[in-house]
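This report refers to the structure that appears directly beneath it.
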Amino acid sequence: MCVKAFSTSVVSAKVQVNGVGLHYQRAGSGDHAILLLPGALGSSKTDFTPQLSSLNKRLFTVIGWDPRGYGCSIPPTRDYPPDFFERDAKDAVDLMQALNFKKFSLLGWSDGGITALIAAATYPSLINKLVIWGANAYVSEEDLRLYDAVKDVSNWSDKMRKPMEDLYGEEYFVKTFKAWVDSMSNFASRPGGNICQHLLPFIECPTLIIHGLKDAMVPLFHAHFLHQQIKDSRLHIMPDGKHNLHLRYAEEFNRLVEEFLLATQ
């Protein structure tokens, strides 16, 4: 269910971008603008409540968005053409431009991390700094096995499944998640399973890669690959972190991010 706001300090709105009404939430009034990019089927509310509520509102202006077909950015119905990550990257950047942010940092989780990588490489003059976690630049055989294991959402725990069913309804959730798994699996047919690895050398901004050692969705070798390929990048491993480390360990995560974003390079 889409609501206008979930706290007095976080406001919600929609803006027309590339022919779609994109929903976003906004907190803070600082000079340093941040865009939060959610994971597959994610939204600002489901994926980033601890960041919208707790990142320093004096130093940062924090924007959380719902990509087209996700969260409250419906319609349209979500689809997955071969270039859906590039489409999301353009939507994300154009949203920030529509909100009059000339330069901003990106915080991307999982699919949102892939989108952020593409955006940083494609629009380097607009991106201040980049933080990604739980992201991959290619699809391996191990990834295919992991996707297959989660494809049937009826096998998910109630805790994992219920927020998605509450947001989308069971039918939309099941159909869309299956389409996402199929789309990710299709990348494996490309040379090297490429999603965006060819773009990594074009990322110019300082980059922080965070990875949970217990991430069951994205193996650690992906984080090491990103670190090797992105110049001026740092890799921080959280020993107890899982895929949702920014939610489970929000205080530690927020502190790491704030220190990185505020550091003078």
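Could you list log10 I(q)/I(0) for segment 1-145 at q = 0.10 Å⁻¹, which the Debye formula gives when each Cα is one point scatterer? Values, matching the q order: -0.30.
Taking a straight Cα-Cα cut-off under 13 Å and skipping sequence neighbours fewer than 8 places away in the same chain, the aspartates and glutamates within cross-link reach of Lys151 are Asp143, Asp182.
Counting only DSSP H runs of at least 4 residues, each contributing -39500 (n - 2.57), and dividing by the residue count of the chain, the helix-based mean residue ellipticity at 222 nm comes to -12000 deg cm²/dmol.
Return an integer: the convex hull volume of the alpha-carbon atoms of the chain, in Å³ per residue.
116
Which FRET efficiency value, to the nearest 0.05, is calculated for Lys159 and Lys102 with the Förster distance at 41 angstrom and r the Cβ-Cβ distance?
Using R0 = 41 Å, I get an efficiency of 0.50.
log10 I(q)/I(0), Debye, Cα-only segment 30-85, no solvent, q = 0.21, 0.25 Å⁻¹? Log10 of I(q)/I(0), two decimals: -0.78, -0.94.
In the chain, what percent of the accessible surface is made up of carbon and sulfur (1.4 Å probe, ligands and nucleic acids excluded)?
53
Relative to one another, the C-alpha centroids of segment 78-131 and segment 171-201 are positioned 17 Å apart.
Considering only Cα atoms, the convex hull volume of segment 161-264 works out to 134 Å³ per residue. Using a simple spin-label model with pseudo-atoms 7 Å out from Cα toward Cβ, Arg234 and Leu59 lie 1.2 nm apart.
Computed with a 1.4 Å probe over protein heavy atoms only, the accessible surface of segment 79-151 comes to 34 Å² per residue. Annotation: Cα Rg of segment 219-265 relative to the compact-globule expectation 2.2 N^0.38 Å equals 1.25.
Measuring nothing but how far apart in sequence close Cα pairs (under 8 Å, 6+ apart) lie, relative to its length, the chain scores a relative contact order of 17 percent. Within a straight-line Cα-Cα reach of under 26 Å, Lys231 can be paired with the following lysines, leaving aside sequence neighbours fewer than 8 residues apart in one chain: Lys90, Lys102, Lys103, Lys129, Lys214, Lys242.
The values are calculated or read from the model by the stated rules, or taken from the named source; none is laboratory data. On a predicted model such as this, the values are computed, not experimentally measured, just so you know. Please note: Cβ atoms are built from the backbone with ideal geometry, for glycine as well, and neighbour counts cover all protein chains shown. Just so you know, the surface numbers come from the protein's heavy atoms only, side chains and all, with ligands and any DNA or RNA stripped out. Shrake-Rupley method; radii C 1.70, N 1.55, O 1.52, S 1.80 Å.
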